[in-house]
1. With (1) in the same structural domain as residue B:147 (by TED's automatic domain parsing); (2) assigned to a helix (DSSP H, G or I); (3) surrounded by fewer than 19 Cβ atoms within 10 Å (Cβ to Cβ) as the list, and residue B:95 as the residue in question, which single condition is left unmet?
2. With (1) over 24 Å from residue B:238 (Cβ atoms); (2) within 14 Å of another protein chain (Cβ to nearest Cβ) as the list, and residue A:1 as the residue in question, which single condition is left unmet?
3. When region B:1-24 is examined, which residues are found to be closer than 15 Å to residue B:147 by Cα and not in a helix (DSSP H, G or I)?
4. Whether any residue in region B:46-69 is part of a loop (DSSP other than H, G, I, E, B), in the same structural domain as residue B:167 (by TED's automatic domain parsing) and surrounded by fewer than 17 Cβ atoms within 10 Å (Cβ to Cβ) is what I want to check.
5. Return the residues of region B:25-45 that are in a loop (DSSP other than H, G, I, E, B) and surrounded by 21 or more Cβ atoms within 10 Å (Cβ to Cβ); say none if nothing qualifies.
6. Would you check which residues across region A:55-80 are in contact with a helix residue (DSSP H, G or I) (Cβ under 7 Å, 6 or more places away or on another chain) and surrounded by 19 or more Cβ atoms within 10 Å (Cβ to Cβ) and list them?
7. What about residue A:71, is it away from chain B (no Cβ under 14 Å), over 21 Å from the mean Cα position of the chain (by Cα) and under 30 Å from residue B:262 (Cα atoms)?
8. With assigned to a helix (DSSP H, G or I), surrounded by fewer than 16 Cβ atoms within 10 Å (Cβ to Cβ) and assigned by TED's automatic domain parsing to the domain that holds residue B:287 as the only criterion, which of B:136, B:145 stands out?
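The values are calculated or read from the model by the stated rules, or taken from the named source; none is laboratory data. In this text the structure is predicted, and so the values were computed from the model without any measurement. All Cβ positions, even for glycine, are placed from backbone atoms using ideal geometry, and neighbour counts span all protein chains on display.
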């Protein structure tokens, strides 16, 4: 699997906010076998160096994000700062439309994506399942799309499964990552079963009673879901269908 | 009997000095008047069970002994428990909190704090918890030490060094990092509470601790940053919004003070006693200074 020019083996992308301690965070990252971790910096800024140093020690690829940005200008400035601080041209682009619902603002998102890709960024946009917004993002230069499963931190899973299936069918060759709203491993597995290429999550692991164990649970679920997708999942039937032959059974009458 | 120089007069330094003097050791305390002491901005909650939601076991295990220790040493400890609330649309947060903590009961919040009236239909009560006034308490520890002949000064240390300088020791202790916390104090005479109240929220949890003279301490943000500059507008908006959610009468409260402190923290957010270049270091209290300093001080004197 490729995200831009980068080959990845793990299809789990893990957020780094809200863990009980940096030590537990590091252990959870290691346990999850993720290769990509997202990091925010809107609030921490340059003064968050110690935390970044700790994150550096786990030796994963950084995907800095623009969490907390509400306008194109804020998002672009934050992305530029991220490039400087993390020495990467990857950016998870979030432009929030409403402070309570944390929905993406698709108009500002497309505009910011265009500015950033022209500036050489590899943009991972946090978007909705809307197909036309997805198209505009691709036109703007994005090569990955990250639709939400449900609102950030809600743990509701795939709130609009049929639309996500449509999105998968529509963008056949674009890497699609479900970003946000995943609460349990079964939800992550489900997204993988319907053909998504990866899962980005944070709260479900960070706020679990045992984040390290939960990281393992998501790791396994995502692998299982992806295997199932590749193996071909049977269609549902209305009736029972015996899996053993009914001819030649012994007649005891 | 040895002679000790405790460096730092925050909660850690004063607990260590108190413990040493109770073991009849000779102690002096070296202060730095220009340094912003994080302890003075603390909430002063002695709430080991609530903290247990995300804190390691040591906090829960040893936190309870802190309540006794502080009761025996200072006058402002109120053993009135903690009340945990959530706005109606976030009641699921209460269930989450209950499942991650112990020693609580479900209550009708109004039955404990009548001023809440019927604003919240349910809450979690942690009856064994307590709170104190950090500034009064540190003042009292200091006076008691001075009465016992402990000298506070700003000159060079003359005894064996116990460094309790919090985030100022960052350069010497490479694993120590700062976690920025923002708080404020306001005054309101329209509402009175007798226990600390925590308001759960998926993004902006906060706590409100009643102080004397109608004052309340409202805290605190947690930002992985070494930036000690004044409170951010966002923090102010979020925290005041939470206070307003607890009781709309706080809209007429008067702001007394805002503050920003840097919590000294190790990667596991657990304090440590270390020995390096001839000095002892007691550091890494994170957000549990008042809760863990007595225990850490005790561990230190036990080692001697």
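1. With (1) in the same structural domain as residue B:147 (by TED's automatic domain parsing); (2) assigned to a helix (DSSP H, G or I); (3) surrounded by fewer than 19 Cβ atoms within 10 Å (Cβ to Cβ) applied to residue B:95, the lone miss is (1).
2. Tallying (1) over 24 Å from residue B:238 (Cβ atoms); (2) within 14 Å of another protein chain (Cβ to nearest Cβ), residue A:1 fails exactly one: (2).
3. Scanning region B:1-24 gives a single hit, B:24.
4. No, region B:46-69 contains no residue that is part of a loop (DSSP other than H, G, I, E, B), in the same structural domain as residue B:167 (by TED's automatic domain parsing) and surrounded by fewer than 17 Cβ atoms within 10 Å (Cβ to Cβ).
5. Once the filter is applied, which keeps residues that are in a loop (DSSP other than H, G, I, E, B) and surrounded by 21 or more Cβ atoms within 10 Å (Cβ to Cβ), region B:25-45 yields B:37, B:42, B:43, B:44.
6. A:60, A:62, A:64, A:66, A:69, A:72, A:75, A:76, A:79
7. yes
8. B:136
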